[in-house]
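Contents: one structure, followed by commentary.
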Amino acid sequence: MKKVGLILSGCGVFDGAEVHESVLCMLEILKQGAVYQCIAPNQPQHHVINHLNGEEMPENRNVMVEAARIARGDITALDEVKPEDLDALILPGGFGAAKNLSDFAFKGAECQVSRELAQLAKSMHESGKPLGFVCIAPVMIPKIFGPGIRLTIGTDEQTASVVAQMGGEHVSCPVEELVVDETNKIVSTPAYMLADSILEAEAGIRKLVSEVLRLCQ
């Protein structure tokens, strides 16, 4: 049975992992005959956002502790994960990907990706294992793996332009579809970069999980 590492960046679209995308990934992984392990960096999150009004709150929270809400407590620290224990890696979106796993939200094309995440992703890539990126998470692909990889964040021209500056080969993509870089075994789908509902997000995520598991073969 294939084991997929699911990288969570907190809990909540504006300051952590997008909850719908995370749960849809979990559900599809199980429905398609694999299992998942939730993973998160054990570090302070960049800031805390009130999801009712969008305002920043004067609180300090831990990314792993927050992500454990989605994982129902069953979560592993990112720096404790061994790539040989996983067959694939999937990263849901949410602003946590651009604030906690990287600083893309603040530095754009000059961003850096978490060292622990980059090491794990590179190690799996070098071993020929597939990786899936959802929503805004694909912006990290050029920084982790270098230029020339085909990916999508949907149809947002401004974000696509920044991806191109970093060396990514952006492909415009509707919400229910995905982009597969067969050579590099990297899959991406827009999800809530475009989705107006959980149903729309589900279509692309279902296909992404299917492709990631196919590439495990």
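Tabulated values for the structure
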| quantity | calculated |
| --- | --- |
| Over 23 Å between alpha carbons, listed pairs 3/31; 99/185; 2/185; 2/31; 2/129; 31/99 | 99/185; 31/99 |
| In segment 1-83, trypsin sites (Lys or Arg not before Pro) in a DSSP loop with at most 14 other beta-carbon atoms within 10 Å | 72 |
| Net charge of Cβ neighbours under 14 Å - reference residue 99; Lys, Arg +1; Asp, Glu -1 | -3 |
| Charge dipole (debye, nearest 20) of the chain; +1 at Cβ of Lys and Arg, -1 at Cβ of Asp and Glu | 560 |
| Average accessible surface area per residue within segment 1-58, 1.4 Å rolling probe, Å² | 45 |
| Sparse-neighbour loop sites [GluC sites (Glu not before Pro); segment 97-187; at most 11 other C-beta within 10 Å; DSSP] | 182 |
| Residue (of 97, 4, 53) at the positive-pole extreme of segment 1-103, dipole from beta-carbon charges | 4 |
| Accessible surface of segment 41-131 [probe 1.4 Å, protein heavy atoms]: carbon and sulfur percent | 43 |
| For the chain, calculated [θ]222 nm from helices alone, where every DSSP H run of n ≥ 4 adds -39500 (n - 2.57) | -9500 deg cm²/dmol |
| Dipole of segment 119-217, positive direction: furthest Cα of 134, 173, 183, with charges on the beta-carbon | 183 |
| Accessible area of segment 120-217 divided out per residue, in Å², using a probe of 1.4 angstrom | 40 |
| Nearby aspartates and glutamates by direct alpha-carbon distance to residue 122 (threshold 17 angstrom, same-chain neighbours under 8 apart not counted) | 79, 80, 84, 85, 87, 181, 182 |
| Net charge over other residues, Cβ less than 13 angstrom from the Cβ of residue 180 (K, R count +1; D, E count -1) | -1 |
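The values are calculated or read from the model by the stated rules, or taken from the named source; none is laboratory data. These numbers were taken from a predicted model, which means no experiment stands behind them. A quick note on method: Cβ atoms are made from the backbone with ideal geometry, for glycine too, and the neighbour counts reach across all protein chains shown. Note: areas computed on protein heavy atoms with side chains; ligands, DNA, RNA excluded. Shrake-Rupley method; radii C 1.70, N 1.55, O 1.52, S 1.80 Å.
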